[in-house]
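Novice: I'd like to ask some things about the structure below.
The values are calculated or read from the model by the stated rules, or taken from the named source; none is laboratory data. Owing to the predicted nature of the structure, the values given are computational and were not obtained by experimental measurement. Note: ideal-geometry Cβ built from the backbone for every residue, glycine included; neighbour counts use all protein chains shown.
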Amino acid sequence: MKTAVIYWSGTGNTEAMAKAVAEGAGVEAVSVSDFSGNISDYDALAFGCPAMGDEQLEEAEFEPFFARIENELSGKKVVLFGSYDWGTGDWMHAWEERVKADGAEIVGDEGYITNLEANETELGELRELGKKLAE
């Protein structure tokens, strides 16, 4: 099973989450600006992006990347994760629905969100999600 963990992080919170997922999956986390692979080559993918502005994906780098590759997600296992500072998690619920509509299977049935920095318990849960993703 070929697995990738791709993320965008502004403060480091989502990067720490990405590293935990990647550790569980046995791969390296890659920032969206450094990802040079082909999504079609992967069986399983984890995507991390925090809530930005009015609870949306980061618009300068991550959203354009995701919009470009989402037509390749059908039949793939996907983990979604990210952090937020305020709000209700609407950005994650919208992202989940989008990924399901793309034909992907969300591991754990929903995205994983933390308020600001993930604590050790949450990082452990993210490692477990990474393991499930790579199975």
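Novice: May I ask you to list pairs of residues, at least six apart or on different chains, whose Cβ atoms are under 7 Å apart, with the first in the range 11-37 being over 17 Å from Gly111 (Cβ atoms) and modelled with pLDDT under 95 and the second being of a type in the set (D, E, K, R) and surrounded by fewer than 19 Cβ atoms within 10 Å (Cβ to Cβ)?
Specialist: Here the result reads none, with nothing in the range 11-37 linked to a residue that is of a type in the set (D, E, K, R) and surrounded by fewer than 19 Cβ atoms within 10 Å (Cβ to Cβ).
Novice: Among the candidates Asp102, Asp90, Asp109, single out the residue that is without any contact (Cβ under 8 Å) to a residue 24 or more places away in the chain, over 16 Å from Met17 (Cα atoms) and of a type in the set (Asp, Glu).
Specialist: Numbers: Asp102 fails: without any contact (Cβ under 8 Å) to a residue 24 or more places away in the chain; Asp90 fails: without any contact (Cβ under 8 Å) to a residue 24 or more places away in the chain.
Only one candidate passes the filter, namely Asp109.
Novice: Right, Asp85: on the phi < 0 side of the Ramachandran plot, at pLDDT below 95 and among the charged types (D, E, K, R) or not? Steps first, please.
Specialist: Details: on the phi < 0 side of the Ramachandran plot: yes; at pLDDT below 95: yes; among the charged types (D, E, K, R): yes.
Answer is yes for this residue.
Novice: Okay, next question. Quick check on Asn115: is it farther than 22 Å from Asn13 by Cα and either in contact with a Lys or Arg (Cβ under 6 Å, 6 or more places away or on another chain) or among the polar types (S, T, N, Q) (or both)?
Specialist: no
Novice: Separate question: Which residues, taken from the range 38-59, are over 11 Å from Phe81 (Cβ atoms), in contact with a strand residue (DSSP E or B) (Cβ under 8 Å, 6 or more places away or on another chain), of a type outside the set (A, V, I, L, M, F, W, C) and modelled with pLDDT of 95 or more?
Specialist: Tyr42, Asp43
Novice: Take the conditions more than 18 Å from Ile39 (Cβ to Cβ) and either among the β-branched types (Val, Ile, Thr) or within 13 Å of the chain's Cα centre (by Cα) (or both) and apply them to Trp95. Does it pass?
Specialist: So Trp95 does not fit the description; no.
Novice: For Glu125, work out the one condition from (1) free of Cβ contacts under 8 Å to residues at least 24 places away in the same chain; (2) in a helix (DSSP H, G or I); (3) more than 20 Å from Val27 (Cα to Cα) it doesn't fulfil.
Specialist: (3)
Novice: I'd like to verify a number: residues in the range 53-87 that are crowded, with 17+ Cβ neighbours inside 10 Å and without any contact (Cβ under 8 Å) to a residue 12 or more places away in the chain, how many?
Specialist: So the answer is 0.
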